[in-house]
Structures are given as C-alpha cells and as structure tokens.
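Asker: Please find one structure pasted underneath; my questions will follow.
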C-alpha cells in the first residue's frame, strides 16, 4: 500500500496502466528527488485466488525499467559493437592479418559490416527510447532535450545522405576502373564492402532521424 500527497502525485505524471505502475511510481519518485519513507507493515495469508501472472507481469516491470535505462540497454552495447566493427574492418581492409597461423582475407569484413550496422542501430534505439520516455512518459532530461533541439531532422538527414553518397561514389570509382579494364576481373571486394556499409549507415541515419522526429512530437 502506498500513500502520497496530491501535489507529489501530480508531479509524478504517471502513465502506465498495468502492474508496472508500481515500478513507475518508485522510479519517478527517485528521479524527481521526492521524499519517500518506508513503513513496516504486516502481511497475512491471502484469501482467494491470486491474479498475478509471474512471467507476464514480471516482463511488464522489466520492460518499463529497461525503457528508463536506454544507456545500459542500447547505447553502451551499441557503441561497443560499432567500435568493434569499425576497428576490425579497418584492420582487415589494410592487410591480411594472421591469428594463430590462420590468414584472414576479406570474408570476415562482412561480419564487421554487420556488427557496425547493428551497433549503429542500437545507438539510435537508445535515442528512440529516451525520446519516448521524455515525450510520452513525462521524464525530464534537460541535456537530452538540448541535444534534440540542435540535432534536427534536417541536419541528421543531410549527414546521412552525404554518408550514403560517399558509398555510392566509391562504387562509381570501382565501375569506372572496371570499364577502363575492358570489364576484366577485379579484386575490389574489400572496397565494395566499405561502400556497402557506408550506404547502409547513411540510409539508417536518414530514416532513423525521421523516426526520432515522430517520437519527438509531444501529446497535448
């Protein structure tokens, strides 16, 4: 059982309607630095059948807490994956490294590309979750709101288009070289993987910026 003043309840701006309502109240109480006190109470044997669904209700709580922790759920793992993919791709692109006597050619670069794109999308997922928490769940984050103010959909879209165009330009150079060689055999697989990755990252940037703009619309 929980008791609260009307002013405190109004400031919490509670939104959820399920079992996670209890978690939302605690999380927002802490975030707003409200005074809270726990008073010991006695429990007795329940009369009647419990309506608690262990997995479903537990997941609702966990899902809500993860929504309020996008840095740990998406951002940190996403940044790590992106850096891992970027470093490994550069390492493989610049040569054919050997590990335990095994020589690696361009094939692992496909995995590096996937890791980069996955990490990049997870970074955007963290922005999606944070934006939704601010605009729909009443969370306050002045620093993030300031970032959202200067990082507009237009700027992000232009950056994404430029990245994608750089990948297309690389493919254009490869095509020109192929034509000059009378359409002979070429060894441009590594460069092609880099170009493909740039195009994918550019497209992710453009469409994700539109999604961020949609989530950033506040409800009246």
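The values are calculated or read from the model by the stated rules, or taken from the named source; none is laboratory data. These numbers come from a predicted model, not from an experiment. All Cβ positions, even for glycine, are placed from backbone atoms using ideal geometry, and neighbour counts span all protein chains on display.
Asker: Scan segment 99-107 and tell me whether some residue there is in contact (Cβ under 8 Å) with a residue 24 or more places away in the chain and either in a helix (DSSP H, G or I) or not assigned by TED's automatic domain parsing to the domain that holds residue 29 (or both).
Answerer: Going residue by residue through segment 99-107, those that are in contact (Cβ under 8 Å) with a residue 24 or more places away in the chain are 106.
Now restrict to residues that are either in a helix (DSSP H, G or I) or not assigned by TED's automatic domain parsing to the domain that holds residue 29 (or both): 106.
Looking for residues that are in contact (Cβ under 8 Å) with a residue 24 or more places away in the chain and either in a helix (DSSP H, G or I) or not assigned by TED's automatic domain parsing to the domain that holds residue 29 (or both), one finds at least one in segment 99-107, hence yes.
Asker: Follow-up question, since we're still on this one. Is it the case, given these coordinates, that residue 130 is within 30 Å of residue 31 (Cβ to Cβ) and surrounded by fewer than 19 Cβ atoms within 10 Å (Cβ to Cβ)? It would help to see each step written out before you state the result.
Answerer: Working: within 30 Å of residue 31 (Cβ to Cβ): yes; surrounded by fewer than 19 Cβ atoms within 10 Å (Cβ to Cβ): no.
When the stated conditions are applied, residue 130 does not pass them.
For every residue, the table says whether it meets (1) modelled with pLDDT of 80 or more; (2) under 25 Å from the mean Cα position of the chain (by Cα); (3) buried (at least 16 other Cβ atoms within 10 Å of the Cβ); (4) not in a helix (DSSP H, G or I).
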| position | (1), (2), (3), (4) |
| --- | --- |
| 3 | yes, no, no, yes |
| 7 | yes, no, no, no |
| 43 | yes, no, no, yes |
| 72 | no, yes, no, no |
| 87 | yes, yes, no, no |
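Asker: Still on this structure, please answer the following. Looking at residue 154 and the list (1) in contact (Cβ under 8 Å) with a residue 40 or more places away in the chain; (2) part of a helix (DSSP H, G or I); (3) over 24 Å from residue 81 (Cβ atoms), which single condition is not satisfied?
Answerer: The one condition residue 154 does not meet is (1).
Asker: Here's another thing I want to ask about it. Please verify whether segment 192-199 includes one or more residues that are within 20 Å of the chain's Cα centre (by Cα), over 30 Å from residue 93 (Cα atoms) and touching a residue at least 60 places away in the same chain (Cβ under 8 Å).
Answerer: Here is the first cut: in segment 192-199, the residues within 20 Å of the chain's Cα centre (by Cα) are 197-199.
In the following step, the residues that additionally are over 30 Å from residue 93 (Cα atoms) were identified as none.
Within segment 192-199, none of the residues are within 20 Å of the chain's Cα centre (by Cα), over 30 Å from residue 93 (Cα atoms) and touching a residue at least 60 places away in the same chain (Cβ under 8 Å).
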